[in-house]
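Read-outs throughout are calculated quantities, based only on the coordinates presented, and are distinct from any laboratory measurement. What you see is a predicted model, and the numbers here were worked out from it, not measured in a lab. Here the Cβ is made from the backbone with ideal geometry for all residues, glycine too, and neighbour counts use every protein chain on show.
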Amino acid sequence: MSSPLTRDEIFQVIRHQLAEILEINEDRISEGSSFVDDLDADSLALIELVEAIEGEFSKGEHQFRIEDDDLEDLRTMRDAVDYVVQVLGVSQ
């Protein structure tokens with residue numbers, strides 16, 4: 001059985017996915033980065049990010065899902081990381 005992810009590992013996974021989607025260097029993305037204001041992500045890029053996050057953190061029978069009602073609250077990298085940490089129950 002694999003060891004639980006750390007908060008930093010979750011950040012790294014999301015940052016890598018976002019950099020791929022936006023075709024930018026990962027170094028441009030910090031925890032405080034706003035998806036729209038700092039990184040110029042459009043709604044299509046954000047949908048791709050949600051799908052990538054759901055795919056990365058779904059394991060076997062357990063499907064990781066970002067609820068539609070929660071999407072509007074995910075405005076920054078920190079918001080996204082905090083959301084995944086909370087859903088996965090990662091100790092901070």
Every residue from the range 8-24 that is in a loop (DSSP other than H, G, I, E, B) and either at positive phi or not hydrophobic (A, V, I, L, M, F, W, C) (or both): Glu23
Meets criteria (outside any helix (DSSP H, G or I) and free of Cβ contacts under 8 Å to residues at least 40 places away in the same chain) for Leu5: no
Search result, residues across the range 35-92 that are surrounded by 15 or more Cβ atoms within 10 Å (Cβ to Cβ) and aromatic (Phe, Trp, Tyr): Phe35, Phe57, Tyr83
Condition met for Asp27 (among the acidic types (Asp, Glu) and either in contact (Cβ under 8 Å) with a residue 40 or more places away in the chain or part of a loop (DSSP other than H, G, I, E, B) (or both)): no
Unique residue being more than 21 Å from Leu5 (Cα to Cα), without any contact (Cβ under 8 Å) to a residue 40 or more places away in the chain and in contact with a helix residue (DSSP H, G or I) (Cβ under 8 Å, 6 or more places away or on another chain) when the list is Asp73, Asp37: Asp73
Residues located in the range 47-89, provided they are among the aliphatic types (A, V, I, L, M), part of a helix (DSSP H, G or I) and more than 15 Å from Val13 (Cα to Cα): Ile47, Leu71, Val87
Whichever residue in the range 53-70 is charged (D, E, K, R) and closer than 16 Å to Leu5 by Cα and, among such residues, is farthest from the chain's Cα centre (by Cα): Lys59
